[in-house]
Amino acid sequence: MIDVMGRKIAVIRTGSGAPLIYFHGFADVHAASAGLLPFHEHLARSCDLIAPAHVGCAQTDERDDLDSVHDVVEQYLDFADALGIETFHLAGACVGGWIAAELAVRLPQRVRSLSLIGATGLFVSGNPIADIFWVAQPEDGIYYNDLRHMLFAARDPKAGMQLFPDGRGEIEQELLRYRMFRFASQIGFTPPYLYDRKLIEQLHRYKGPVLVACGEHDHMVPRAHAEAYAKGFRGARLEIIRGAGHSAHVEAPDVVAGLVAGMVGKG
Amino acid sequence: MKGHLRRIGRTQTFGPGIPSQSVKSWEQFLRNTKPGEDRLGDAKSWEELDAGGSIIAGSPATVRRRLWELIEMAGVGNFLIQFHFGNMKAEHARKSMRLFATEVLPHLRKDSKELFARDYPGLDENLGGGR
């Protein structure tokens, strides 16, 4: 737990080396898993991994004045100061990638590298982000086929079935996922979902090394978003993760962790 | 619409991903329900709706009997009746209304007048001597 302006932020911190702040998405730590996943464990072998839980997620305090992604970013600006580290690497998946991008354009001097995995956050005309809030509710009150299809390349991948099993699980697990959906809906409920229309024109401000990774079969965020990020950041490295879906860090943990670790080695 | 959303298990007002839904209210819902069970208004057939008293349908004699049961049970004196549902054709709704007005309503008016006179003596005076 870290105290930021009187509010508690839950943090998992492990590993040693250059600090890397990782912002989670849906199929992720603090959102569908209380603990770290193989992807994070892999990363922690080569860096000081700092994984905070977003507002209202896991044990992080809720706030009743959360209006937009900018409130989240403001809180993370203070969070970065509270950590007492001058510079750090940034990475994030899905909405975590969006938040990482927003933070990087505000702290371009302090962010040593930026890695985005299936990041939301952009408005790309003609390529809407799919409505995850619709499929967050199970079919017949039981089946999460549509949610898994959106988050993964296959409908019933092993990792997908573990993170989002059918039926009703333990209440703590249900609420963990619920908190993440609530957080995401608070910052991105407006169709076409999870975007900041102004962000694309601010990307050029961050001039450090950027990795933009996305799954080959992302059913939530169209490929055009990864391409728009890569273009907006000038000279970013675009990596399409073969065989993976939206949650490439879960579906191909070694490949994606290797890529992110490579960025940390570079910055 | 509601039936369709319920069948596929989703609403736009309640559940994960709805920003106005607090964590606490969702926790209570989880603790007090079983996944997949029917919720208020759910039904698989007209018979089920009929048995649950959600609708009243049938011949004028049936409708009169069912409404009378409600009047006797609850002592109600006013009804708000919806004759038209969804994509029902206007001519069918009109036929229902006409049958109700000519073959159900006069009987109920007469019967309920007797019932209220017995159960609520003086009601007419209190209401200013209405019909």
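Name the shape class, rounded, prolate or oblate, that the alpha-carbon gyration tensor gives for region B:46-126, where a ≥ b ≥ c are the square roots of its eigenvalues, rounded holds for a/c under 1.5, and otherwise prolate holds if a/b is larger than b/c and oblate otherwise. Note, shape of region B:46-126 comes out prolate. Packing-based ranking of A:87-98, A:65-76, B:91-102, A:177-188 yields A:87-98, A:177-188, A:65-76, B:91-102, ordered from highest to lowest mean Cβ neighbour count within 10 Å. GNM on chain A, alpha-carbon springs under 10 angstrom: the most fluctuating residue among A:221, A:105, A:250 is A:105.
Per residue of peptide A:47-57, the mean number of Cβ atoms on other chains within 10 Å of the residue Cβ is 0.
Sparsely packed loop sites in region A:144-245 (the GluC sites (Glu not before Pro) outside DSSP H, G, I, E and B with at most 15 other Cβ atoms within 10 Å) comprise A:170, A:216. With both residues required to sit in region A:2-266, DSSP beta bridges show an antiparallel share near 25%. Magnitude of the charge dipole for the protein assembly as shown, about its Cα centre and with charges confined to Cβ atoms of Lys, Arg (+1) and Asp, Glu (-1), is about 860 debye. Across region A:102-118, coupling constants 3J(HN,Hα) worked out from phi with the 6.51/-1.76/1.60 Karplus curve, θ = phi - 60°, read 4, 6, 4, 6, 8, 10, x, 6, 9, 8, 7, 7, 10, 10, 10, 10, x Hz, and Gly and Pro carry x. What FRET efficiency comes out for residue B:29 versus residue A:34 if R0 is 22 angstrom and r is the Cβ-Cβ distance? Round to the nearest 0.05. E(calc), rounded to 0.05, equals 0.55. When the charge dipole of the protein assembly as shown is built from unit charges on Cβ atoms (+1 for Lys and Arg, -1 for Asp and Glu) and taken about the Cα centre, the candidate among A:84, A:233, B:53 whose Cα reaches farthest toward its positive end is A:233. Relative to one another, the C-alpha centroids of region A:1-78 and region B:84-111 are positioned 62 Å apart. Between A:126, A:245, A:235, find the one with the highest GNM mean-square fluctuation for chain A; connect C-alpha pairs within less than 10 Å. Looking only at A:126, A:245, A:235, the largest GNM fluctuation is found for A:126. Of A:206, A:195, A:143, the order by accessible heavy-atom surface (1.4 Å probe, DNA, RNA and ligands excluded), from most exposed downward, is A:143, A:195, A:206. Mean projected area of the convex hull spanned by the Cα atoms of region A:118-267, taken over all viewing directions: 9.4 nm². The A-B contact accounts for approximately 2300 Å² of buried accessible area, totalled over both chains at a 1.4 Å probe radius. In terms of its alpha-carbon gyration tensor, chain A comes out rounded; the largest-to-smallest axis ratio a/c stays below the 1.5 threshold. Put one equal scatterer on each alpha carbon of region A:43-143, apply the Debye formula with no solvent term, and list log10 I(q)/I(0) at q = 0.12 1/Å to two decimals. With no solvent term, the Cα-only Debye profile gives -0.49.
In this rough spin-label picture, where each label sits 7 Å from Cα along the Cβ direction, the residue B:94-residue B:51 distance is 3.7 nm.
With the gyration tensor restricted to C-alpha atoms of region A:183-224, the semi-axes of the equivalent ellipsoid amount to 21, 17, 9 Å, longest first.
Given a 10 angstrom Cα cut-off, can you work out which residue in A:199, A:37, A:83 is the most mobile in a GNM of chain A? Result: A:83 has the largest fluctuation of those listed. Remark: mean inter-chain Cβ contacts per residue of A:131-139 equal 5, using a 10 Å Cβ-Cβ cutoff to other protein chain atoms.
As a rough guide to protection, the peptides A:114-121, B:17-24 ranked by mean Cβ packing within 10 Å, highest first, stand as A:114-121, B:17-24. Contact order for chain A, expressed relative to its length and based on alpha carbon pairs under 8 Å spaced 6+ residues apart, stands at 23 percent.
The values are calculated or read from the model by the stated rules, or taken from the named source; none is laboratory data. Treat the numbers as computed from the prediction; the structure is a model and nothing was measured. Neighbour counts are summed over all protein chains in view; Cβ atoms, including those assigned to glycine, are modelled from backbone coordinates with ideal geometry. What goes into the accessible areas is simple: the full protein's heavy atoms, side chains included, and nothing from ligands, DNA or RNA. Shrake-Rupley method; radii C 1.70, N 1.55, O 1.52, S 1.80 Å.
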